[in-house]
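Undergrad: If you scroll down you'll find the structure; I have some questions about it.
Please treat every number below as a calculation from the coordinates, not as lab data. Remember, it's a predicted structure, so these values are computed and weren't measured experimentally. In this analysis, Cβ positions are derived from the backbone assuming ideal geometry, glycine residues included, and neighbour counts consider all displayed protein chains.
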Amino acid sequence: MIDAQQFRNEIIRPVLKLLEGRDSGANWSGQASEELVLGTTLVESQLTFLKQHGNGPALGVGQLEPDTIHDIVENYIRYRTGLQQVLDLIQPVWPITPAAVKGNLYLTVFFIRVHYRRAPQPLPQAGDIEAMGNYWKKFYNTHLGKGTVNKYVEAWNLVHK
């Protein structure tokens, strides 16, 4: 397992700072953003797995599905020059392939945060891990996913004792 605090400090925070002010001055960083991205990786892969178990298509520590990556690139980033510039910094080889998220932690964090940016509700307050779990379930795992808010909170608590 990747150390959660190092992942937050060395991967999540720098990517979120790169995103800051992009997309019409949007607020991308801060404690709530960091907690949500970290919590997502903890519940999705325990910051360990790079490929979904079984026959599932999800990849990277964020367990991003290829269709999600494609949709973000084609229907969101394509129309936002500032996000394209950040993406060029962290993944200069185009086209972006889903397999790239397995080996590029910066890219994984980028896609997780952009995915949440598209959600129609603001992020929960920092420190409210149950609300983060509800947000993850609704906008990332979805009602069809096998994840639960309880699993999110448990994954968070495993590394934040």
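Undergrad: Got a sec? How would Y79, Y116 order by Cβ neighbour count within 10 Å, fewest to most? Could the numbers behind the result be given before it?
TA: Numbers: Y79 10, Y116 19.
Least crowded to most crowded, the residues run Y79, Y116.
Undergrad: Could you pull out every one of the aspartates and glutamates with an alpha carbon less than 13 Å from that of K138, ignoring same-chain neighbours closer than 8 positions?
TA: E130
Undergrad: Another question, then. List M132, M1 from most exposed to least, where exposure is judged by having the fewest other Cβ atoms within 10 Å.
TA: Fewest-to-most ranking of M132, M1: M1, M132.
Undergrad: Quick one: putting +1 on the C-beta of Lys and Arg, -1 on the C-beta of Asp and Glu, what dipole do you get for the chain around its Cα centre, in Debye to the nearest 20? Intermediate values should be presented prior to the final figure.
TA: Numbers: 16 positive and 15 negative charges, 15 e Å.
That gives a dipole near 80 debye.
Undergrad: While we're looking at this one, here's another question. Could you check the simple spin-label distance between K138 and D67, using points 7 Å along Cα→Cβ, in nm with one decimal?
TA: 2.3 nm
Undergrad: Among the aspartates and glutamates, which fall within straight-line cross-link reach of K17, defined as a Cα-Cα distance under 13 Å, with same-chain neighbours fewer than 8 residues apart omitted?
TA: Candidates past the 8-residue exclusion: E34.
Undergrad: With r as the distance between the Cβ atoms of N150 and M1 and R0 = 25 Å, compute the FRET efficiency 1/(1 + (r/R0)^6) and round to 0.05. Walk me through the intermediate numbers first.
TA: Numbers: r = 20 Å, r/R0 = 0.82.
Between M1 and N150 the formula returns 0.75.
Undergrad: Just need the relative contact order of the chain here, percent rounded to a whole number, with Cα pairs under 8 Å and 6+ apart.
TA: On the way: 193 pairs, mean separation 41.1, N = 161.
Once normalised by length, the contact order is 25 percent.
Undergrad: Please compute the modelled spin-label separation between A131 and F49, points set 7 Å along Cα→Cβ, answer in nm with one decimal.
TA: Roughly 3.0 nm, to one decimal.
Undergrad: Could you list H53, H70 in order of exposure, starting from the residue whose Cβ has the fewest other Cβ atoms within 10 Å? Don't skip to the end; give the middle numbers.
TA: Numbers: H53 9, H70 14.
Placing the least packed residue first, the sequence is H53, H70.
Undergrad: With θ taken as phi - 60° and the coefficients 6.51, -1.76 and 1.60, list the Karplus ³J(HN,Hα) couplings across segment 100-114 in order, rounded to whole Hz; mark glycine and proline as x.
TA: Each residue's phi maps through the Karplus curve to give 4, 5, 5, x, 10, 5, 4, 5, 4, 4, 3, 5, 4, 5, 5 Hz.
Undergrad: At each listed q (0.13 Å⁻¹), what is the log10 of I(q)/I(0) that the Debye formula gives for the chain modelled as equal alpha-carbon point scatterers?
TA: -0.55
Undergrad: Given the DSSP H assignment, sum -39500 (n - 2.57) over each helix run of at least 4 residues in the chain and divide by its residue total; what's the result at 222 nm in deg cm²/dmol, nearest 500?
TA: Taking each H run of at least 4 residues, the total per residue is -15000 deg cm²/dmol.
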